[in-house]
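The values are calculated or read from the model by the stated rules, or taken from the named source; none is laboratory data. These figures come from a predicted structure and were not determined experimentally. Glycine gets a Cβ as well: all are built from the backbone with ideal geometry, and neighbour counts include every protein chain shown. Heads up: the accessible areas ignore ligands, DNA and RNA and are worked out on the full protein's heavy atoms, side chains in. Shrake-Rupley method; radii C 1.70, N 1.55, O 1.52, S 1.80 Å.
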Amino acid sequence: GAGVSQTPSNKVTEKGKYVELRCDPISGHTALYWYRQSLGQGPEFLIYFQGTGAADDSGLPNDRFFAVRPEGSVSTLKIQRTERGDSAVYLCASSRRQGARGEQFFGPGTRLTVL
Amino acid sequence: GENVEQHPSTLSVQEGDSAVIKCTYSDSASNYFPWYKQELGKRPQLIIDIRSNVGEKKDQRIAVTLNKTAKHFSLHITETQPEDSAVYFCAASINNNDMRFGAGTRLTVKP
């Protein structure tokens, strides 16, 4: 079946602009995670959803970042007033269920470049 | 919060040799420890994981060990092959929730 997909694959924007990044999880996966990966670093946890609700958003760096998952499937990561330091690959992952028995499957990522 | 440290940052071995990557974690409540392999420009892919109720797990040429007392875990790859070359990440979490990753180890296997 289809894996996790993310759109767009690349996004170039100017400092101060607003961007939305989309994640389509594997069908039936109830848990969804967002990470940010800078060059040469490991993925950095941002937020995870169990169903429609954000179960843990402690990784969001500041209030410019927000994520939603209104119907418990597709999720959108929203970044307001983008800064050059927001440039990174944003990865989404999903797992069948919450808890230690659910492998996280990653999407291909969205490469965000803020000029 | 959880802090994961990973060593070494780069590792070069001859084909056929073994490779060992080590990680430490800070939160004693962490109970799930996956390892991911990421090839250049690709997404991370799970290669093996271990839960806190076991001390060792093996899958063909790959094994992971966990020492809960010392809060460290290691990845062992035996009989390395050139296609094992990639960046490897360890991670720790409580129940696979807010996963914290190490900074990665770039493994190069020389033919």
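Points worth noting:
- Test for residue B:2: is it in a loop (DSSP other than H, G, I, E, B) and at pLDDT below 95: yes
- Here residue B:91 meets each of (1) within 20 Å of residue A:89 (Cβ to Cβ); (2) among the aliphatic types (A, V, I, L, M); (3) surrounded by fewer than 18 Cβ atoms within 10 Å (Cβ to Cβ) with one exception, condition (3).
- Cross-chain or 6+ apart pairs with Cβ under 8 Å, the stretch A:100-113 first and more than 8 Å from chain B (Cβ to nearest Cβ) and modelled with pLDDT of 95 or more, then open to solvent by 10 Å² or more (accessible area, probe 1.4 Å) and part of a loop (DSSP other than H, G, I, E, B): A:110/A:8; A:110/A:9; A:111/A:9; A:112/A:87; A:113/A:87
- Candidate set from the stretch A:47-63 (those that are surrounded by 19 or more Cβ atoms within 10 Å (Cβ to Cβ) and either at the interface with chain B (Cβ under 9 Å from one of its Cβ atoms) or among the basic types (Lys, Arg) (or both)); member that is farthest from the chain's Cα centre (by Cα): A:59
- Scope the stretch B:82-111; condition at the interface with chain A (Cβ under 7 Å from one of its Cβ atoms) and touching a residue at least 24 places away in the same chain (Cβ under 8 Å); matching residues: B:89, B:95, B:96, B:98, B:99, B:100, B:101, B:102, B:103, B:104
- Residue match in the stretch A:68-76 (condition: closer than 30 Å to residue B:10 by Cβ and either away from chain B (no Cβ under 11 Å) or over 12 Å from the mean Cα position of the chain (by Cα) (or both)): no
- Residue A:69 among the charged types (D, E, K, R) and open to solvent by 10 Å² or more (accessible area, probe 1.4 Å): no
- Looking only at the stretch A:27-45, residues that are over 15 Å from residue B:44 (Cβ atoms) and either open to solvent by less than 20 Å² (accessible area, probe 1.4 Å) or among the aliphatic types (A, V, I, L, M) (or both) come to 3 in all.
- If you filter the stretch B:37-81 down to residues that are touching a residue at least 60 places away in the same chain (Cβ under 8 Å) and surrounded by 15 or more Cβ atoms within 10 Å (Cβ to Cβ), you find that the one that is farthest from the chain's Cα centre (by Cα) is B:80.
- In the stretch A:14-24, the residue that is nearest to the other protein chains (Cβ to nearest Cβ) out of those that are open to solvent by 20 Å² or more (accessible area, probe 1.4 Å) and either among the basic types (Lys, Arg) or under 23 Å from residue A:97 (Cα atoms) (or both) is A:24.
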